[in-house]
Amino acid sequence: MDMRPASGRVRLDERGLMTVSREGETLYELNACQVKEALVLGGVGCGLVFFKMEDAGERVICRFTMSAFKQAGEFCKLVNYYRQTGHAAFPDEPEVSICPQCGRPLMEGLSICLFCYNKMTVIRRAASMLRPFRRPLITAELILVFSSLLYLLVPIFNRILIDDYLTPMQGTFSNILTLAGAMLLVRVVGEILFIFCSRMYNRAGMLYTDNLRNVAYGKMQRMSMNALAKRTPGDLIRRVMEDTATVKDFLINDGRFGVEMLLTFLVVLVILFFTDWRLTLLVFLPIPLVMMVLSRFWRLIYIRYERQWRKGSRANSILHDIIRGIRTVKSFGNEEQEIKKFARVSRELAEVSSANERMWATLFPSLTFITGIGEFLALYFGGRAILAGDMSLGVLVQFVMYIGYIYNPLRWLVSFPRRLADTLTGLVKVFEIVDEKPDIREIDHPRDVPLTGALTFENVSFGYKSYEPVLKDVSIRIEPGEMIGIVGRSGVGKSTMINLAMRLYDPGLGAIRIGDTDIRDMSLKHLHEQMGVVFQDTFLFVGTIYDNIAYAKPGADVQEVIAACKAANAHDFIMQTADGYQTMIGESGYSLSGGERQRLAIARAVIKNPSIMILDEATSSLDAETESAVQEGLMRLTKGRMTIAIAHRLSTLRRANRIIVLDKGGIAESGTHYELMRMKGIYYGLVVAQRKMFSSGSASAPDIEPAP
Amino acid sequence: MTHPSVLEKQTTEPEQNTDIGLLDTRETDFYKTDGGFTGLRYKGKTFPRVSFRRALPIGKPDSYISVADDENKEIGIIRDIGDLSHTQRDVVREDLAKRYFCPSVQSVKSVKDKMGYVYMELILTGAGTTYEKSCAINDVNRNIRMIDGSRLLIFDVDGNRYIIENIQALDKKSMSRLEPYMF
């Protein structure tokens, strides 16, 4: 078999004909009708596409490197879609990870290519958001420019002092005092204006960032679960906080000083040219070299210091890890080993830091020398001009001082592109969140239908990633008031089913209805208002117990909150705390046990009085005793209400009217506990396994009844 | 209180369990299926599609190879490919080569650091072919990894991996291009 890497193509046309070619040469053709299912098999650094054929055989179609993984998944999805519907149309947008223009990979979570986007559009857009702050910003900029121009007077004062008073020895004390006073005045006024403008700039910058942050955060709250799941919490936090802060820093520092630096540069350049254009040209001779060296130097510094930062961060994380796991380290007697491990990382950090300091100590003086070459040239040729009587000493001093004024803007210019790029990246990331089109969209006139009818899954297929289907062609009808239990191994799609029922995601194929209405035709707010959910990991916000319960029904009165807590068996433990319902919980507040948290979660669901109740492993993390306290609350909550419950602990589902067993993406078994036990299938196996596990010594054996 | 009969004086060191379910390589019969997979006949049972996974892919690619059925249930472990007959060895090696693809880096033509990514142009050798490839690496701290004193693994944004078997043997130019990113 030829295993050499080659470029190839697998193609499916509208008639269902598949063509497999290698280096442009067709290897074979296949009809999609012969295929039962197309699948991707992941390897290490590569993968393969294979078909399960209608004649029960299996056939490898092609291998691919990881760069083609998503396309391979999309292809399988396409083939499977064709097999189900007879159409080669694509059910939804393919996931994009490569820029269609330049072929570079897109940054994680971004759908815009940072190399190909139009920078001016982003800048214009960011600038348009500056409009409300236009007046203070322009005022501050004018003040800053004025104060900088004031400082440009200092060399002129120096020239007058030398040429008019000191060299001819004609000046009086009062002349000198006036000049010194003028210099002092320039400095004082300049500083006062600078403080004033900094304050105005900072305020405008903060308000601008606040605005940008709120727009991004507001949008993030309205994003679908699908869009949220594509990004890590850290990424979202960085976009809302850090990226907006980068924009603010750029605005406050570069925006403020940029205009001032450019203006100073131009004004000084004009003055220098008018003073002596030949000398000015000479001074500018080494500038390209200076710019080149500076640019290389900053890049080198950046890489070297980034490396030092990474080493430091690694030492930090190792230390953090060891200290957190110190109990494990001690219990295994591995202290010596850990000391050595840290010493090695610490030494590496020391070596990198020392190398960087050495480089800094060598390069910095050299750089200062190169940047100062202009001054030497000016001094040499200026000195000659003085001796020849073509130039006065004062003019030379003024000239040299102005040269010094040019280097600041140059240094700023060298590192400006990197800062501009960072800011634009930040802006693109923030705007991407702002521009995100929700994939869970409401129709134009959504209906607010009461959720009183049956909940129906009609041939629902869904996968979080296009190439990994989780549910395949699932159909089920849940009647009002019925309690359904969903069981199955981890990752089989239990939570996916309830996520779909809550419309946190939309199915790829099929429909979900409540009564006769497709849930996609209902308003999301209305749908969610009538559903109550208790998860395994209850999330409670920082605040009082009261606030957390009332979160589900803003404006609920005290009586409603207490009644809900009583129904959830939470009231008694709440009353044991010193502050009762006003006990602070969440981070650094009163620490709740698992059972207490779950009871608060149930109370939160009770107060909503939902039409459909969803329990996602609501009691899985509790011990048997606590579970029975929680169960009581749950029983009151679910009575006469449509309930969908997921549970690993099968005893939790003993009151369910029907239990469905999910396996391999579909419903494998369905029926009451007794029916399923008699069937002796997957459910029977699960019950027997749990019974064995609990009967082997555990005091908290669940009362799973045997089949009669 | 523990019942007295349960107490037994421990006189010897506890015995270590070293049974890892090694396959009896005298009885394994790996064969290639028509569809391009590998099947196994073992002790009277036939597994129409098996897959191989290396326990120590970097250090010992030929030792401790897990053999699993089409539902990913482990059938057993091959202690060393050398224990198999020549023909059997070829079948297993071919299947492993289909599952593991990690071309080795011959030289580094260029390294560019842009917008949080490191873009590399590499000359690679994989499955007997030498070719050039451009790749992008995100979070170099995590994705350029020294495995031991000499081996370096590079993971690109797509999930491809490239190995430098001996970093000391890399040419000077490649080394100086890569050096700032090695941690």
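In the stretch B:143-154 there is no residue that is in contact (Cβ under 8 Å) with a residue 60 or more places away in the chain and within 9 Å of chain A (Cβ to nearest Cβ). Going by the structure shown, is residue A:318 assigned to a helix (DSSP H, G or I), of a type in the set (A, V, I, L, M) and within 12 Å of chain B (Cβ to nearest Cβ)? Considered against the rule, which asks whether it is assigned to a helix (DSSP H, G or I), of a type in the set (A, V, I, L, M) and within 12 Å of chain B (Cβ to nearest Cβ), residue A:318 comes out as no.
Annotation: residue B:100 fulfils all but one of (1) surrounded by 20 or more Cβ atoms within 10 Å (Cβ to Cβ); (2) within 12 Å of chain A (Cβ to nearest Cβ); the unmet one is (1). Need pairs with beta-carbon distance below 6 Å; first residue hydrophobic (A, V, I, L, M, F, W, C) and within the stretch A:158-174, second part of a helix (DSSP H, G or I); sequence gap 6+ or separate chains. Final answer for the pair search is A:161/A:179; A:162/A:393; A:162/A:394; A:162/A:397.
The sole residue among A:545, A:549, A:478 that is modelled with pLDDT of 90 or more, touching a Ser or Thr at 6+ places or on another chain (Cβ under 9 Å), assigned by TED's automatic domain parsing to the domain that holds residue A:660 and surrounded by 18 or more Cβ atoms within 10 Å (Cβ to Cβ) is A:545.
A quick yes/no check of all residues on (1) of a type in the set (A, V, I, L, M); (2) within 29 Å of residue A:487 (Cα to Cα):
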{"residue": "A:527", "(1), (2)": "yes, yes"}
{"residue": "A:530", "(1), (2)": "no, yes"}
{"residue": "A:538", "(1), (2)": "no, yes"}
{"residue": "A:575", "(1), (2)": "yes, no"}
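Taken over the stretch B:111-133, residues that are more than 14 Å from residue B:163 (Cα to Cα) and facing another protein chain (nearest Cβ under 9 Å) amount to 9.
Flag: residue B:26 matches the condition of being closer than 17 Å to residue B:87 by Cα and either within 14 Å of chain A (Cβ to nearest Cβ) or of a type in the set (D, E, K, R) (or both). Against the test of being crowded, with 18+ Cβ neighbours inside 10 Å and at pLDDT 90 or above, the options B:157, B:91 yield a single qualifying residue, B:91. Just checking, which of A:45, A:103, A:109, A:57 is under 28 Å from the mean Cα position of the chain (by Cα) and modelled with pLDDT of 75 or more? The unique qualifying residue is A:45. Name the one entry in A:556, A:645, A:618 that is small (Gly, Ala, Ser), in a loop (DSSP other than H, G, I, E, B) and surrounded by 21 or more Cβ atoms within 10 Å (Cβ to Cβ). On inspection, the qualifying residue turns out to be A:618.
Residues that are in contact with a Ser or Thr (Cβ under 9 Å, 6 or more places away or on another chain) and assigned to a loop (DSSP other than H, G, I, E, B) were ranked within the stretch B:120-170; the one that is nearest to residue A:65 (Cα to Cα) is B:160. Restricting the search to helices (runs of 4 or more DSSP H) fully inside the stretch A:178-257 and requiring at least 1 residues that are assigned by TED's automatic domain parsing to the domain that holds residue A:144 and in contact with a Gly (Cβ under 7 Å, 6 or more places away or on another chain) gives A:233-237, A:244-249. Against the definition (modelled with pLDDT of 90 or more, outside the structural domain of residue B:36 (by TED's automatic domain parsing) and either more than 25 Å from residue B:55 (Cβ to Cβ) or not hydrophobic (A, V, I, L, M, F, W, C) (or both)), how does residue B:114 come out, yes or no? Judged against the criteria, residue B:114 is not a match. Residue B:72 meets each of the listed conditions (1) free of Cβ contacts under 8 Å to residues at least 40 places away in the same chain; (2) over 22 Å from residue A:41 (Cβ atoms) apart from (2). Put simply, of B:139, B:158, B:171 the only residue that is farther than 20 Å from residue A:46 by Cβ, at the interface with another protein chain (Cβ under 10 Å from one of its Cβ atoms) and acidic (Asp, Glu) is B:139.
In the stretch B:95-115, what residues are in a helix (DSSP H, G or I) and without any contact (Cβ under 8 Å) to a residue 40 or more places away in the chain? If the condition is that a residue be in a helix (DSSP H, G or I) and without any contact (Cβ under 8 Å) to a residue 40 or more places away in the chain, then B:97, B:98 are the ones that fit.
Scan the stretch A:510-534 for residues that are more than 21 Å from residue A:444 (Cβ to Cβ) and out of contact with any helix residue (DSSP H, G or I) (no Cβ under 7 Å at 6 or more places or on another chain) and jot them down. Correct list: A:510, A:530, A:531. Across the stretch A:35-61, the number of residues qualifying as more than 10 Å from every other protein chain (Cβ to nearest Cβ) and either crowded, with 21+ Cβ neighbours inside 10 Å or under 14 Å from residue A:79 (Cβ atoms) (or both) comes to 8.
Could you tell me whether residue B:108 is within 14 Å of chain A (Cβ to nearest Cβ) and either of a type in the set (S, T, N, Q) or crowded, with 17+ Cβ neighbours inside 10 Å (or both)? No; evaluated as a whole, the condition is false for this residue. Inspection of the stretch B:58-67 identifies at least one residue that is surrounded by fewer than 16 Cβ atoms within 10 Å (Cβ to Cβ), out of contact with any Ser or Thr (no Cβ under 8 Å at 6 or more places or on another chain), among the hydrophobic types (A, V, I, L, M, F, W, C) and more than 10 Å from chain A (Cβ to nearest Cβ).
Comparison of A:587, A:632 shows that the only residue that is within 29 Å of residue A:456 (Cα to Cα), at pLDDT below 85 and among the charged types (D, E, K, R) is A:632. In the set (1) more than 60 Å from the chain's Cα centre (by Cα); (2) surrounded by 14 or more Cβ atoms within 10 Å (Cβ to Cβ), the condition left unmet by residue A:143 is number (1).
The values are calculated or read from the model by the stated rules, or taken from the named source; none is laboratory data. Owing to the predicted nature of the structure, the values given are computational and were not obtained by experimental measurement. Cβ atoms come from the backbone with ideal geometry, glycine included; neighbour counts cover every protein chain shown.
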